[in-house]
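*Asks:* Sharing a structure with you now.
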Amino acid sequence: MKERIQKFGRFLSGMVMPNIGAFIAWGFIAALFIADGWLPNERIATMVSPMLSYLLPVLIGYTGGRMVADQKGAVAGAIATLGVIVGAGIPMFIGAMIMGPLGGYAIKKFDEAMEGHVPAGFEMLVNNFSVGIIGGALSIVAMFVIGPACEVLTGALGAGVGFLVDHGLLPLTAILVEPAKVLFLNNAINHGVFTPIGLEQAQQVGKSILFMIESNPGPGLGLLLAYCVAGKGSSRSSAAGAAFIQFVGGIHELYFPYVLMNPILILGPMSGNFVAILVLSILGGGLKAAASPGSIIAELLMTPKGAYFANICGIAAGCAVSFVVTVTLMKLFVRESEGDFEAAQAQLAADKAAAKGQAIDVTAGVYVDPKDVKKIVFACDAGMGSSAMGATMLRNKLKGAGISDITVVHAPVSEVPKDCQIIVTHHELSARAANDNPGVRIIPIKNFMGAPEYDALVTEMVEGRGAAGAKSAASVKADASEKVRKGEILLKKENIKLGCKPVAPEQAIRDCGRMMVEAGIVEEGYIEGMIERNKSFPVAIGNHVAIPHGTNEARKYIIHNGLVCMTYPEGIAWDEDTVKLVIGIAVKDGGDHVDVLGAVAEAADTEEATDALVSSGDIDKIYKTLNGLK
């Protein structure tokens, strides 16, 4: 059951996450320029409704179709989505998440049925007409069936909310309000159900709790903060901006996509709102009029005298409970990131290719013969740490297998050389690598230090190439220590600190950065760059090793290239890993750190090897081992 929830969540995530920027753009325009916004502008505000009703659902439908059947599926999914938009009188995000993949699936099945039956020269004609006819037919079905069905469903939710209000079951309204909000019925519920009743109460007693049931920004803020803490990749990096706009700007719709891509997380804001309503009921909270938009500023402006404590407690309680529940659910059910759907596609394609002895391009279905592979690129966010170590490990494995004519390099995921045939990258970056490098095979991994994909790839290359091009392993084996002796030794004895006591990961990074500052390697500003790098892309790379380093922007604070080392024999709990060896990296230019990282990769190729090195407590051994000195 858990695996099914994760798989379903990853699929929805793949539809929603690439379009988060469009949601933020819509939220930004709405927060500023609608009539109740901070800078009302009637002309600009005319974009708000079309973006919500048409642009965002079509983007989701297009992306869903593309996930199933590439570009043809994307176009069919977008056409089908337009039908469900026209067929309903409310924003059709759920309909888009149905029709987009359905359009892609229909095209995929048609193509499978027609494979081998299309006369030469008629391929383009069949492709274009099939997309148009199938997409158009689905749009008609969506218009008359799916759209009205979704509208009936959302109407039922609204009626359920009204029933609970009429019967005095206020906290239970959260059970229906939050799912209804995610279906973009928030304004209809707030102004169609709560506001009329609330106005009557406010006239009698000066305030009404009903004004806060839908508009309370606390539960949504709690969910977005949970993504800031427990999210991965772009979902984590985008959540902070969404949280600010949602809480201060009052545009609750910004947290809806984060629920849609992992539906089980609706229990977070649902629980938060339940507790918030309960707290407000006990303490006597409420507003004197409707808060529109539902921002913290509007909530406070509409708070009557004597109710500030109750309202602030209600908002804070909703945020806290939503945060705790969402983080717990993410740890239990949503361990993977938004790139996992693409990673699963890549692994499936790789498995199929392995059976045929071929390397497959997972982005376009193009097969690459192992004999044609000339360059493999390891890509990470900065192209400086984990990718350099992974490249060294694979390069050594290929040489050990007698293959010396494949170049293995490392690079930032944004600067991958265009002449490569294979890209190895962390699974969180696989979608980004695939989008930027069409026609290239993507191999997603989770552990740069001990990925089983390395041996599988080497085996694939050896079996696919046969004896051709292979040389004796002895003839190509390089002496890493000789390379280090010819250049500057970046890891000096005075920059190795042994036997450190366990601390939080961020503190370990700060301690590492402080060593760099004191050694004259970097300026103070580099430390924050290291912290930011770990937030956007974890630097714990497996086998009990972490390699903190700064963002590309932080390189301006590097005085000269250098490394530092800290050991933690008792281990640090770092994300889902345990870290005992921390290597701080500062590289302004050049690749002379690669030899040291290569030596680290060889010395820490298993968890046991890392543990043995750390537990030795011998600074000379660590110095020689990590520098590749014999």
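*Asks:* Filtering the stretch 404-439 down to residues that are of a type in the set (A, V, I, L, M) and in a loop (DSSP other than H, G, I, E, B), which residue is farthest from the chain's Cα centre (by Cα)?
*Replies:* Ile406
*Asks:* Related question: Which of the residues that make up the stretch 360-380 are farther than 21 Å from Gly628 by Cβ, crowded, with 21+ Cβ neighbours inside 10 Å and modelled with pLDDT of 65 or more?
*Replies:* Pro370, Val373, Ile376, Val377, Ala379, Cys380 - these are the residues of the stretch 360-380 that are farther than 21 Å from Gly628 by Cβ, crowded, with 21+ Cβ neighbours inside 10 Å and modelled with pLDDT of 65 or more.
*Asks:* Can you work out which of the residues in the stretch 113-154 that are of a type in the set (Val, Ile, Thr) and surrounded by 18 or more Cβ atoms within 10 Å (Cβ to Cβ) is nearest to Gly87 (Cα to Cα)?
*Replies:* Pass one, the stretch 113-154, residues of a type in the set (Val, Ile, Thr): 118, 126, 131, 133-134, 140-141, 145-146, 152, 154.
Now narrow it down to the ones that are surrounded by 18 or more Cβ atoms within 10 Å (Cβ to Cβ): 131, 134, 146, 154.
Details: Val131: 21, Ile134: 18, Ile146: 8, Thr154: 14 Å.
My answer is Ile146.
*Asks:* Something else now. Of these, Gly162, Gly135, Gly147, Gly155, which one is modelled with pLDDT under 85, touching a helix residue (DSSP H, G or I) at 6+ places or on another chain (Cβ under 6 Å), assigned to a helix (DSSP H, G or I) and not aromatic (Phe, Trp, Tyr)?
*Replies:* Values: Gly135 fails: modelled with pLDDT under 85; Gly147 fails: modelled with pLDDT under 85; Gly155 fails: touching a helix residue (DSSP H, G or I) at 6+ places or on another chain (Cβ under 6 Å).
Just one listed residue meets the conditions, Gly162.
*Asks:* Ok, one more. May I ask you to list pairs of residues, at least six apart or on different chains, whose Cβ atoms are under 7 Å apart, with the first in the stretch 508-532 being farther than 14 Å from Leu563 by Cα and the second being polar (S, T, N, Q) and surrounded by fewer than 24 Cβ atoms within 10 Å (Cβ to Cβ)?
*Replies:* Hits for this filter: Gly529/Thr551; Glu532/Thr551.
*Asks:* Filter the stretch 65-74 for residues that are surrounded by fewer than 20 Cβ atoms within 10 Å (Cβ to Cβ) and either modelled with pLDDT of 85 or more or not in a helix (DSSP H, G or I) (or both) and give the result. Let's see the steps before the verdict.
*Replies:* First, pick out the residues of the stretch 65-74 that are surrounded by fewer than 20 Cβ atoms within 10 Å (Cβ to Cβ): 70-71.
Across the stretch 65-74, the qualifying residue is only Gln71.
*Asks:* Which one is modelled with the lowest pLDDT among residues in the stretch 8-64 that are of a type in the set (S, T, N, Q) and assigned to a helix (DSSP H, G or I)? Before you say what the answer is, go through the steps one by one.
*Replies:* First pass over the stretch 8-64, keeping only residues of a type in the set (S, T, N, Q): 13, 19, 41, 46, 49, 53, 63.
This time we only want the ones that are assigned to a helix (DSSP H, G or I), so: 13, 19, 49, 53, 63.
Numbers: Ser13: 58, Asn19: 79, Ser49: 87, Ser53: 87, Thr63: 91.
In this case the residue turns out to be Ser13.
*Asks:* Also, quick follow-up: Is it true that Ile541 is modelled with pLDDT of 90 or more and not in a loop (DSSP other than H, G, I, E, B)?
*Replies:* Values: modelled with pLDDT of 90 or more: no; not in a loop (DSSP other than H, G, I, E, B): yes.
Criteria not met by Ile541.
*Asks:* Just one of the numbered conditions (1) part of a helix (DSSP H, G or I); (2) within 28 Å of the chain's Cα centre (by Cα); (3) touching a residue at least 12 places away in the same chain (Cβ under 8 Å) is not true of Phe244; which one?
*Replies:* Against the list (1) part of a helix (DSSP H, G or I); (2) within 28 Å of the chain's Cα centre (by Cα); (3) touching a residue at least 12 places away in the same chain (Cβ under 8 Å), Phe244 comes up short only on (3).
*Asks:* Right, Val614: in a helix (DSSP H, G or I), modelled with pLDDT of 85 or more and of a type outside the set (S, T, N, Q) or not? Give the steps one after another, and end with the answer.
*Replies:* Working: in a helix (DSSP H, G or I): yes; modelled with pLDDT of 85 or more: yes; of a type outside the set (S, T, N, Q): yes.
Answer is yes for this residue.
*Asks:* List, please: which pairs have Cβ atoms under 7 Å, are six or more places apart or on different chains, and start with a residue in the stretch 488-499 that is in the same structural domain as Asp618 (by TED's automatic domain parsing) and end with one that is of a type in the set (Gly, Ala, Ser)?
*Replies:* As it stands, the answer is Leu490/Gly562; Asn495/Ala519; Leu498/Gly617; Gly499/Gly617, since those pairs meet every condition given.
*Asks:* I need the full set of residues from the stretch 83-97 which are modelled with pLDDT of 90 or more and surrounded by fewer than 22 Cβ atoms within 10 Å (Cβ to Cβ), in order please.
*Replies:* Across the stretch 83-97, the qualifying residue is only Val86.
*Asks:* Only residues that are modelled with pLDDT under 90, within 38 Å of the chain's Cα centre (by Cα) and more than 16 Å from Gly562 (Cα to Cα): list them for the stretch 480-503, please.
*Replies:* Selection gives Ala480 alone.
The values are calculated or read from the model by the stated rules, or taken from the named source; none is laboratory data. The structure presented is a predicted model; accordingly, all values stated were derived computationally and were not measured. All Cβ positions, even for glycine, are placed from backbone atoms using ideal geometry, and neighbour counts span all protein chains on display.
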